[in-house]
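One structure below.
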Amino acid sequence: MLVEISQLFRRALLFIALLIATPASVLAEQRILFAENFESGSATGWLFAGKGKSKVTEYEGNHSLNLSRQRNAQMTVDVEGYSRLDMTMQLAAFDLKKGESCKAEISSNGGERWQTLLTVTPAMADGITLHSNTGRIKNPGSLKQLLLRFRADGGRKAKCWGDNVEILGKR
């Protein structure tokens, strides 16, 4: 019995020594830099532009940001000092015609160029399904801010719903 306790004690000491010697970078966890699900009923902090309407709507207890026609909503997230960024955005759509779409986009250069993270097309636009996609930026270097945008690109009846945005950063 004494031998078993001694072995357990040695293993515990070894584990503690390894934990202390482990570099902080190995122990680094992802951190939530931004999260928005619109359950508050508002879109505080989002900047709106373009023709159409923007409002938070509710369907079966879930709130989403509704954009119509050519409307877009943009958010800026501080990301300085992170070695990896993971972005998730969701979209639903309804009444999209051929050539119209709803997009979730990101920009790492102040909005000069936008990269599409997710596109919902007419074939996907049932008005209910929240389509999702996740992207990753490895080694963002000196990137200080990441811009996020939901964008409706449709006609008079087009409707897009953005939801469940999450940006994770790893140091």
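The values are calculated or read from the model by the stated rules, or taken from the named source; none is laboratory data. Only a predicted model underlies this, so the values are computations on that prediction, with no experimental measurement involved. When we count neighbours, we look across all protein chains shown, and the Cβ atoms used for this are built from the backbone with ideal geometry, even at glycine.
For segment 129-143, the candidate set comprises residues that are surrounded by 12 or more Cβ atoms within 10 Å (Cβ to Cβ) and not in a strand (DSSP E or B); within that set, the residue that is modelled with the lowest pLDDT is P140. Of all residues in segment 53-72, those satisfying the criterion of being in a strand (DSSP E or B) and more than 10 Å from C160 (Cα to Cα) are K55, V56, T57, E58, Y59, N62, H63. Assess whether D126 counts as being part of a loop (DSSP other than H, G, I, E, B), within 21 Å of F38 (Cα to Cα) and of a type in the set (D, E, K, R). Yes: the conditions hold for D126.
Condition check ((1) over 22 Å from the mean Cα position of the chain (by Cα); (2) modelled with pLDDT of 95 or more; (3) not in a helix (DSSP H, G or I)) across all residues:
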| position | (1), (2), (3) |
| --- | --- |
| L8 | yes, no, no |
| I32 | no, yes, yes |
| E39 | no, yes, yes |
| G45 | no, yes, yes |
| M75 | no, yes, yes |
| G81 | no, no, yes |
| M89 | no, yes, yes |
| L96 | yes, yes, yes |
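Mind checking whether some residue in segment 86-99 is without any contact (Cβ under 8 Å) to a residue 60 or more places away in the chain and farther than 21 Å from L143 by Cβ? Within segment 86-99 (the criterion being without any contact (Cβ under 8 Å) to a residue 60 or more places away in the chain and farther than 21 Å from L143 by Cβ), the answer is yes, since at least one residue qualifies.
All told, R71 falls short of being surrounded by fewer than 16 Cβ atoms within 10 Å (Cβ to Cβ) and either in contact (Cβ under 8 Å) with a residue 60 or more places away in the chain or not small (G, A, S) (or both). Each residue in segment 115-171 was checked for being at positive phi and touching a residue at least 60 places away in the same chain (Cβ under 8 Å), and 1 of them qualify.
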